[in-house]
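The values are calculated or read from the model by the stated rules, or taken from the named source; none is laboratory data. The structure displayed is predicted, hence computed values, not measured ones. Every residue, glycine as well, gets a Cβ built from its backbone with ideal geometry; the counts of neighbours run over all protein chains shown. Ligands, DNA and RNA are excluded from the accessible area calculation, which covers all protein heavy atoms including side chains. Shrake-Rupley method; radii C 1.70, N 1.55, O 1.52, S 1.80 Å.
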Amino acid sequence: MNELRDYVDSLFIGHRKTAQTRDLKEEIYGNLEARKADLISLGTSEAKAMEQAKNSITSIEGLIDGNKEVDCQQKTKQLF
């Protein structure tokens, strides 16, 4: 189990799976892995480095525009 990979995956729940989101997901994962490694190299414990890396990005809403999955059945029910 990769805690950081799972965390990044959770950020993308509800978004369409496209080439762009896949690329963004990999970029974010790579950046968080690098941040965690940098913090560890500076003497931060692995647990604290993981926490700080995850806290550095808590949402991707500002990075993805108009890419939410829509439940058409739910939207239809709301109309009636």
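General remarks:
- Charge dipole magnitude, Cβ of K and R +1, D and E -1 - region 1-48, Cα centre, debye nearest 20: 160
- Accessible area of Arg35 (1.4 Å probe, protein heavy atoms only, ligands and nucleic acids ignored): about 110 Å².
- Probe 1.4 Å, all protein chains present, accessible-area order of Lys36, Lys17, largest first: Lys17, Lys36
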